[in-house]
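Single-structure report; data block below.
The values are calculated or read from the model by the stated rules, or taken from the named source; none is laboratory data. Model, not experiment: these values are computed from the prediction. FYI the Cβ positions are ideal-geometry reconstructions off the backbone, even for glycines, and counts take in every protein chain you see.
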Amino acid sequence: MPKWLWRLTLQASLTAALATMLSGAFDFHRQWHKVAGVSGPDHGSSAFRLISFNIRVDTASDGDNSWAHRKESVAAVLRFHHADIACLQEAYSGMIHDLAQRLPDYEYYGVGTTDGKDGGAHNPVFFRAARFRLVSSQTFWLSPSPSVPSRGWDAAYERAATQVELLDLYTGKIVHVFNTHLDHEGAQAREEGARLIGRRIQPVKGEVIVAGDFNSMREEAPWRLLTGNSLQDVQHASQTGHFGLQSTFNDFKQCWDEHGAIDFILVSPGTRVLQEGVPCTLFDGKHASDHFPVVADLSN
């Protein structure tokens, strides 16, 4: 074979090999970001990650733990844990705007519980726009007058549930998410609020997720009522057992009760819980919030 032909053949072979190698590298890069950036490694494109996180209101009385010192940490928690859907509680309007600026890949829905607009704490649902599309949204109040801002029973504050219907762009399926925060003082308000949410989810077809701060523990009335509506606690349903802490409330303290779970994610029976956990979210010894997030990887 002439040298020029040999060199030409070698060059063509090397070019083809390089193209194949780069194609594989780029494909791996795309797939890695699709999986790791959306639902964690090894779960495939049908899985998604949902986080429930009480991020603590913005109040100057918290001093060094006030929102101004924590907003970067809360945004970092959601980014690092690759939340596809984040159900937040105790988020004031300004806090939501702070997070939206730091999480440009997300859209959200949520209104203030005081006036149905910007007043008071919100229970917003953030969702990754590349994965989900908002189909419908509404807020109902946990009171005998659920269609208007109102305080129910013996509640200390107006309490509400955010309800969103999300289209999963990866699977074409609909996910119904209910995000709530039950009252911290009124036992009757917590119980009746859970009953109301239970009635709202009964006619819903398809995958249902109820997340939030129940201000009560497992086996107490709100948890029993909602799991009695055929919902399963992700900690009990996890295929890989529980990861991390047992407590979800820390009160900004370095030591906390390891048996104090008051934040939950409940899912419909057809939902597979690939894994679940409560990670510790300390940044240089400071908590991101007075609660820990609950994290679950879900698939249907």
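Which one of the conditions (1) more than 17 Å from ARG49 (Cβ to Cβ); (2) surrounded by 16 or more Cβ atoms within 10 Å (Cβ to Cβ) does GLN101 fail to meet, given that it meets all the rest?
(2)
Determine whether GLU72 is in contact with a Phe, Trp or Tyr (Cβ under 8 Å, 6 or more places away or on another chain), surrounded by fewer than 18 Cβ atoms within 10 Å (Cβ to Cβ), modelled with pLDDT of 95 or more and not hydrophobic (A, V, I, L, M, F, W, C).
Numbers: in contact with a Phe, Trp or Tyr (Cβ under 8 Å, 6 or more places away or on another chain): no; surrounded by fewer than 18 Cβ atoms within 10 Å (Cβ to Cβ): yes; modelled with pLDDT of 95 or more: yes; not hydrophobic (A, V, I, L, M, F, W, C): yes.
No: the conditions fail for GLU72.
Filter the stretch 198-215 down to the residues that are crowded, with 17+ Cβ neighbours inside 10 Å, under 18 Å from SER143 (Cβ atoms) and of a type outside the set (A, V, I, L, M) and list them by number.
GLY198, ARG200, GLY212, ASP213, PHE214, ASN215
Please enumerate the residues belonging to the stretch 238-264 that are touching a His at 6+ places or on another chain (Cβ under 8 Å) and farther than 25 Å from ALA194 by Cβ.
Across the stretch 238-264, the qualifying residue is only PHE252.
So the check is Cβ under 6 Å with 6+ separation or different chains; which pairs have a first residue in the stretch 95-122 that's of a type in the set (Gly, Ala, Ser) and a second one that's assigned to a strand (DSSP E or B)?
Once the first residue is of a type in the set (Gly, Ala, Ser) and sits in the stretch 95-122, its partners that are assigned to a strand (DSSP E or B) give GLY110/HIS122; GLY110/THR162; GLY112/HIS122; GLY119/GLY112; GLY120/GLY112.
I'd like to check which strands (runs of 3 or more DSSP E) are fully inside the stretch 76-129 and have at least 2 residues that are among the hydrophobic types (A, V, I, L, M, F, W, C), in the same structural domain as ILE51 (by TED's automatic domain parsing) and in contact with a His (Cβ under 8 Å, 6 or more places away or on another chain). Steps first, answer last, please.
Values: elements: 85-89, 106-109, 125-128.
Here the list is empty.
Per-residue answers, yes or no, for (1) more than 14 Å from the chain's Cα centre (by Cα); (2) over 18 Å from ASP84 (Cβ atoms); (3) aliphatic (A, V, I, L, M); (4) not in a loop (DSSP other than H, G, I, E, B):
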| site | (1), (2), (3), (4) |
| --- | --- |
| PHE264 | no, yes, no, yes |
| PRO269 | yes, yes, no, no |
| LEU274 | yes, no, yes, yes |
| VAL295 | no, no, yes, yes |
| LEU298 | no, no, yes, yes |
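List every residue pair whose Cβ atoms lie under 6 Å apart, where the two residues are 6 or more positions apart in sequence or sit on different chains, the first residue falls within the stretch 277-289 and is closer than 19 Å to ARG49 by Cα, and the second residue, located anywhere, is of a type in the set (Val, Ile, Thr) and modelled with pLDDT of 95 or more.
Note: pairs meeting the criteria are GLY277/VAL295; VAL278/THR248; VAL278/VAL294; THR281/VAL77.
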